[in-house]
1. Determine whether segment 247-268 contains at least one residue that is among the aliphatic types (A, V, I, L, M), assigned to a helix (DSSP H, G or I) and in the same structural domain as Ala33 (by TED's automatic domain parsing).
2. Check whether at least one residue in segment 96-110 is over 25 Å from Ser209 (Cβ atoms) and surrounded by 16 or more Cβ atoms within 10 Å (Cβ to Cβ), and report yes or no.
3. Could you list, in sequence order, all residues of segment 205-221 that are within 22 Å of Lys235 (Cβ to Cβ) and touching an Asp or Glu at 6+ places or on another chain (Cβ under 8 Å)?
4. Would you mind finding the one in Tyr181, Tyr171 that is in contact with a helix residue (DSSP H, G or I) (Cβ under 9 Å, 6 or more places away or on another chain), outside any loop (DSSP other than H, G, I, E, B) and either closer than 19 Å to Arg11 by Cβ or aromatic (Phe, Trp, Tyr) (or both)?
5. Please go through segment 106-129 and give me each residue that is under 22 Å from Ile23 (Cβ atoms) and under 15 Å from the mean Cα position of the chain (by Cα), ordered by number.
6. Quick one: what pairs do we get from segment 294-317, first residue within 11 Å of His145 (Cβ to Cβ) and in the same structural domain as Ala254 (by TED's automatic domain parsing), second in a helix (DSSP H, G or I) and polar (S, T, N, Q), C-beta under 8 Å, 6+ apart or different chains?
7. Quick check: anything in segment 94-105 over 20 Å from the mean Cα position of the chain (by Cα), in the same structural domain as Val166 (by TED's automatic domain parsing) and closer than 25 Å to Tyr216 by Cα?
Amino acid sequence: MSNAPTLPIVRVVVPCRNEVAFIGACIDSIVKAERTGMDLELWICDGMSDDGTREIISTAARTHAWIKLVDNPARTTPQAMNIGLRPEGYAVGIILGAHAEVAVDFFRKNLDALRDHPEAGCVGGIIENVYLDDTSRRIGAAMGHPFGVGSAHFRTGLKEGDVDTVAFGAYRREVFEKIGYFDERLVRNQDDEFNYRVIKSGWRIWLSSAIRSRYYVRGSYAKLFRQYRQYGYWKVFVNRLHLTITTFRQLVPAIFVIGTVTGLVIACIWPMLFPVWLIGIGSYGLIAMVSALRAAPKRTDVNGVMLSFLILHAAYGIGYVQGLLDLVILGRGPKASASDLTR
């Protein structure tokens, strides 16, 4: 009989659908990562891809017994997460994106952080953006600056310690046993909502700068607008669900949108107030320009970064206002358009 200690089982869950351009590199990075001191499982929960993604996953699964292709007929992200996380048999569950690649020491650093911070139910790290073209570089620069995303420290890398959410989190199994799983009604914000419950239940979330991953940023202003409008919309659903404002930074874009529109209306009624409105808009533009100058990788990117800032703030704010109207004031359920995937 062997007296060798039992290694912790780490299950990596990757929600995926039609990611033929990225899933191979994602899998390769996981295969090349250090796995000493753990038993690693990779569950790729695929939403019935029809672009060749499944063939890439199947080939990897035949080569590595610890890689598994799992069907996700519902084709939504929270369904995929839960399909991978509900079955027992693991000590740590990690959520990863199909557009992501992990550092060689990614899994070891996650386990180190969980060991060093027993009070943390979840740990996560810093995301390095990888740009596919000029547009994605400009979007990524805006999303990596505090003016664009506020205190999303896993993007900005400006803090190590307790945070309210992380991307690609590593969760103790006990967390799911205590608070359940991801809310499958949420097309967006399912991780933020879950992390809110993690903290509310008494666990902490720890951000470690030693945990590193790369993420390939999509390059479309139109998709960015639709994505962040949905984020704002579904945040209202989360607020209604918990009867609270989960983070006050979420209100800033809505205040920006409401203030801009109502200020213009008031200025049209009382023209003497129009200069005040212009000062407000000008102040926003000045802060956006200074932030873009600091964030832009190239001088030619400044205008694109400023545009990305405006899209991030306006889209989220518009979505939040629409959510307030539909879900709170009128008491309706979520609109169908708010449930369309925009990846």
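The values are calculated or read from the model by the stated rules, or taken from the named source; none is laboratory data. What you see is a predicted model; the values in this text were computed from it and never measured. Here the Cβ positions follow ideal geometry from the backbone for every residue, glycine too, while neighbour counts run over all protein chains shown.
1. Just the residues of segment 247-268 that are among the aliphatic types (A, V, I, L, M), to begin with: 251-252, 254-255, 257-258, 261, 264-267.
This time we only want the ones that are assigned to a helix (DSSP H, G or I), so: 251-252, 254-255, 257-258, 261, 264-267.
Narrowing the set further to residues that are in the same structural domain as Ala33 (by TED's automatic domain parsing) leaves none.
No: zero hits.
2. Checked against the condition, which is being over 25 Å from Ser209 (Cβ atoms) and surrounded by 16 or more Cβ atoms within 10 Å (Cβ to Cβ), segment 96-110 yields no hits at all.
3. Of everything in segment 205-221, those that are within 22 Å of Lys235 (Cβ to Cβ) and touching an Asp or Glu at 6+ places or on another chain (Cβ under 8 Å) turn out to be Ile205, Leu207, Tyr215.
4. Details: Tyr181 fails: outside any loop (DSSP other than H, G, I, E, B).
So the residue among Tyr181, Tyr171 that is in contact with a helix residue (DSSP H, G or I) (Cβ under 9 Å, 6 or more places away or on another chain), outside any loop (DSSP other than H, G, I, E, B) and either closer than 19 Å to Arg11 by Cβ or aromatic (Phe, Trp, Tyr) (or both) is Tyr171.
5. The answer is Gly124, Gly125, Ile127, Glu128, Asn129.
6. Listed pairs, sorted by first residue: Val305/Ser291; Phe309/Ser291.
7. Of the residues in segment 94-105, the ones over 20 Å from the mean Cα position of the chain (by Cα) are 104-105.
Right, trim to in the same structural domain as Val166 (by TED's automatic domain parsing) and you get 104-105.
Checking the rest, the ones that are also closer than 25 Å to Tyr216 by Cα come to 104-105.
So far as segment 94-105 goes, yes, one or more of its residues are over 20 Å from the mean Cα position of the chain (by Cα), in the same structural domain as Val166 (by TED's automatic domain parsing) and closer than 25 Å to Tyr216 by Cα.
Let's see how each residue does on (1) touching a residue at least 12 places away in the same chain (Cβ under 8 Å); (2) surrounded by fewer than 20 Cβ atoms within 10 Å (Cβ to Cβ); (3) in contact with a Pro (Cβ under 6 Å, 6 or more places away or on another chain); (4) of a type in the set (Ser, Thr, Tyr):
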residue: Val166; (1), (2), (3), (4): yes, no, no, no
residue: Arg240; (1), (2), (3), (4): yes, yes, no, no
residue: Leu243; (1), (2), (3), (4): no, yes, no, no
residue: Ile255; (1), (2), (3), (4): yes, yes, no, no
